[in-house]
Every structure is written in C-alpha cells, then in structure tokens.
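Structure record follows, encoded as structure tokens.
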C-alpha cells in the first residue's frame, strides 16, 4: 500500500527544514521529509574538513524564527552549525516526519490524479499533492580530469569527502584548488604536514574575516532580550545587502573593496613574488569573494609552496607541472568545489507527458520561474533553485522567502479544490528568465572571468540577478495569471496522515 501525504520534501538540510517548520506552523502536519543520509544537516553534515565554517555571520546564518543566543563566535564552525540544526529539529519535533536513509531516485507526476509518486532506492513509494525539491546545489564534488590520476599510489580525496582516518602528520601533501574550502583547510593542515604544495589555477580575492567570540554577558543579554539579537541580525543583513551593490556595478563600493583586499594582502605577505602570485587578475566579485585571516599567512610558512604552474600529469609518486618539475607527494586533496550550475543529481523527475526535468536542464541549462517553479512540472517547487544563489548574503533568507511562496501556492490549491494543480505558463517562465539573464549581463559576474556560477556555455544559472529585498517581494505571493489551473480526470483517494 502506498503511503500518501499532502507535501513531500526531498532533503533535510536548511531548506527542507525551513519548509517543514513553516508548514507545521501553518497547521499542515501531513508532510514527510525524505533524507538520503542517516542524519539531518545537508552540506553541514557532509563537509567535515578541518576549519570548515560559514562565511556569513551566525546571527544571520540561522532561521529567523529560531534565533540562537548561544553562538560562541560571530562566524561559527561546522560542528556548531550542525548542532544548531539538530537542536532546531528537536525544538520543533520534526524527527517523526523524517524518513532517514530514504534517497528518492524517482518522482513522477500523474495527470489523471494530479499527484506525484515518489520512489526511494529501496522501492518504497509515497504519493503527494505537492513536492518540494530541497536537495541544494552543493552536493556533487567537482573533480578535475588530470592525466595519470588513476596511477597515483598515494591517498586522494575531495574536501567534501574528507578522510578522517588518514593521518596527515608528517606527510607530503598536494592541495589542488584555492576555493572556499581550500582557503579554510589549508591553514589547518599546514602545521601538520612536512611539505604542502598548494596548486593554484586562479588567485581568489580575499577579504578579512571580522570574527570574534561572543562574551557570556552578550549571550545572557540575547537570552533575556531577544530583541537585541534581532536588531543585530538586521544590522548584519543590511550591511551585507549594501555590499551586494558592489556586484550590481557600484564603482565606489568596488573601489573600497579593492583597497581593503589590497591592504589585507600587503599586511600578510611581504615577499613581492608571492604577493604577485596571489594577486587576482580579474575584477573583484567575478568569482566568489572569500574571507580569511589565516590563509595568506599559511602560504608564507617554510614548508608551504604555492604552485601556479599548470599540472601536466600525475604520476604514481607525485605531480609533474608543465615546466617539467616533479613534486613527490603522499596525498592529493581536491579543494575544487562543486558542480553547482548544472544541477546534476541522481534523481529522475518526470513531469507532464513524461518530461525529464534534469534531462531538460542538462540540454538547455537550468531555468525556473522566480527560481521556484518549472513549466511542465505542476505542484513541484524547487528550493534554492536556478538563479537563487547569493554572493553577498545569507541563503537562508532566500529559503525563507521561497517558503512564503510555497505557503501561498498551497493556499491557492486549497481554494481551487481537491486534486487541483498549478502549472506555470511557458511564456511566463521565458519572460522571467530573459529578464534574469539581461540583468545578470550588467553585473560583475559578466565581467569576463570563468567561474562555477556559469555553465560550460557561459550562462549564469546560479546567482540571483537582484538584491534580496526585491526577490522577497517577487515571491511574496503567487500571480495566478502566470499559471494554468487544472483539475484531474479523477481525484485520488487520500490516506493522508
């Protein structure tokens, strides 16, 4: 017998939990969260590399409806963020709604009933009126295709699959990539290894990390007067939003950020040749801007070498660069990030007429209406979908904005009657995405560099084209004129619980 619910949520990371809690607050308890792993947390469960943390301050990188007065630092590390997620799940009693070790591999829409059927890897099936896809974009490691990598006799792993059993003490280690994760873990492992080679293809822009510990007195005041933490959260949010103008082309802010980054670099690295190597040759913001106080100093250690020569091949004993120099290593760690722009996952979503969502996205690039709904896939909403990512502020703000849309979507379905489903019009989706790409064309992300924000063809399918207040307004409610409302031939008998 198939289990039936009103709303099925795929993924128990921040996005899926946001939706679940808001549904619960709305009075809708007929929902289930499918989680492929044994625990909640998404990327904060999976990424356990040394130094892993968030580059958004914790008072803002948290649920607006579940403030945490006990953050130990302004920028908390992965263990504390994961602990906060687990505490929130317990606080809102969500565990009874979560099916762990339940990886959904197939989701199919039936026009005759207006419902989705979800199938997990074990073959168990669930039907739902609405599906929320909350799997997130940062779940598929990007691994470079290096000649000879398969012959390497040492240890290899990606930062998101950190091997905690491998002892780095005294080893010769190569780190390939200088993205956000590498900038965090390189300073942590540099004191442990005998030799560290950091292979850099492109120098990142790095700004100082304004981190500090919260005092016990501050935490006490946050507990006694929650309004204080809400004010702090708002101040951080609007400061970040101001910084976001830089990406939209504000030249004054860009000049100030460039000056700040240059001073940060000059203070940390005195050697002119090393400073030249780590100075970016593209506009600040075109690639992800990183924040760190200890990455630059780690490169000046006597046992650390920054390698900017390209890799020719990997041998059984090490890495050879294009200049012919061989560097023997015991381990290779990839800090090469994720494939975010392609939205490639091991999940088949079948919409009207048997259409395949990810198949279509791989052919023509990922697109959605307001980053949330997709024409041809009725009653399915994507959280942190195409062009909803941020380079300047908290992605949780985007998630909560999208869930506002989800709740209004459900309200409209309820008013339409049993079995009704909404399908966004292709023309509405096309017009929206033309506007998205037109506006993105005037931002710093279109200034000429190649980044993980873009597909192989150069299309930016990852980032939001505007500032977050405008996005929140755009998803405050459903514009029914942009949708087709249909009712199925027959309404399925529900066994919702």
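Rule-based calculations on the coordinates, nothing more; no lab input. Since we're looking at a predicted model, the values are computed, not measured. Cβ sites come from the backbone with ideal geometry, for glycine too, and all protein chains shown count toward neighbours.
Here residue 29 and residue 282 are evaluated by their C-beta separation; at R0 = 45 Å the FRET efficiency comes out at 0.35.
Find the Cα radius of gyration of the range 395-451, compare it with 2.2 N^0.38 Å by division, and give the number to two decimals.
On the way: Rg = 16.6 Å, N = 57, 2.2 N^0.38 = 10.2 Å.
After normalising by residue count via 2.2 N^0.38 Å, the value is 1.62.
The range 99-138 and the range 182-204 have Cα centres spaced 41 Å apart.
Counted over all Cα-Cα pairs of the range 1-137, pairs farther apart than 17 Å make up 60 percent.
Shape index of the chain: Rg/Rh, with Rg the Cα radius of gyration and Rh the Kirkwood radius from the inverse mean 1/r over Cα pairs, equals 0.98. Ordering 282, 166, 483, 421 from the fewest to the most neighbouring beta carbons within 10 Å gives 166, 282, 483, 421. With the biggest extent put first, the Cα atoms of the range 352-429 measure 41, 31, 18 Å across the principal axes. Taking the fewest neighbouring Cβ atoms within 10 Å as the starting point, the ordered list for 172, 121, 224 is 224, 121, 172.
FRET efficiency for the pair residue 192 and residue 447, taken as 1/(1 + (r/R0)^6) with r the Cβ-Cβ distance and R0 = 51 Å, rounds to 0.85. Of all DSSP bridge pairs formed entirely within the chain, close to 40 percent run antiparallel.
Counting other beta carbons within 10 Å of each Cβ, put 392, 3 in order, fewest first. The partial results should precede the final answer.
Working: 392 21, 3 16.
Ascending Cβ contact count within 10 Å gives the list 3, 392.
Looking at the range 99-162, what % of the alpha carbon pairs are farther apart than 21 Å? Every Cα pair in the range 99-162 considered, those over 21 Å come to 50 percent. Sorted on the mean count of surrounding Cβ atoms within 10 Å across their residues, most packed first, peptides 215-222, 14-21, 259-266, 157-164 read 14-21, 157-164, 259-266, 215-222. DSSP beta bridges fully contained in the range 116-255 are about 45 percent antiparallel. Label positions at residue 55 and residue 241, each projected 7 Å from the Cα along the C-beta direction, are separated by 2.2 nm.
For the pair the range 339-414 and the range 1-80, the centres of their Cα atoms are 18 angstrom apart.
The three principal axes of the Cα atoms in the range 320-468 give end-to-end lengths of 70, 33, 27 Å, sorted in falling order. Packing here is the average count of other Cβ atoms within 10 Å per residue, and on that basis the peptides 200-207, 180-187, highest first, run 180-187, 200-207. Label zone (residue 140, point 7 Å along Cα-to-C-beta; backbone nitrogen cut-off 17 Å) within the range 35-49: 43.
Modelled spin labels at residue 258 and residue 217, positioned 7 Å past Cα toward Cβ, are 4.2 nm from each other.
Of the beta bridges in the range 1-118, as assigned by DSSP with both residues counted there, near 45 percent are antiparallel.
The Cα atoms of the range 388-497 give a gyration tensor whose axes a ≥ b ≥ c have a/c of 1.5 or more with a/b greater than b/c, which makes the shape prolate.
Set the Förster distance to 22 Å, then compute FRET efficiency between residue 151 and residue 303 from the Cβ-Cβ distance, nearest 0.05. It comes to 0.25. Distance distribution note for the range 279-389: the fraction of Cα pairs above 22 angstrom is 58%.
Counting 0.36 nm for each residue step from residue 91 to residue 323 and taking away their Cα separation leaves a gain of 77.8 nm.
Placing one identical point scatterer on every Cα of the range 191-327 and ignoring solvent, what is log10 I(q)/I(0) from the Debye formula at q = 0.09, 0.14, 0.18, 0.22 Å⁻¹? With no solvent term, the Cα-only Debye profile gives -0.43, -0.84, -1.08, -1.31.
Using the eigenvalues of the Cα gyration tensor, what equivalent ellipsoid semi-axes result for the range 201-242 when each is taken as the square root of five times the eigenvalue, whole Å, largest first? Could the numbers behind the result be given before it?
Numbers: eigenvalues 176, 44, 7 Å².
For the range 201-242, the ellipsoid semi-axes come out as 30, 15, 6 Å.
Taking 8 Å as the Cα distance limit and 6 or more residues as the minimum spacing, I'd like the relative contact order of the range 395-497 as a percentage. Let's see the in-between values first.
Numbers: 71 pairs, mean separation 51.5, N = 103.
This gives 50 percent for the range 395-497.
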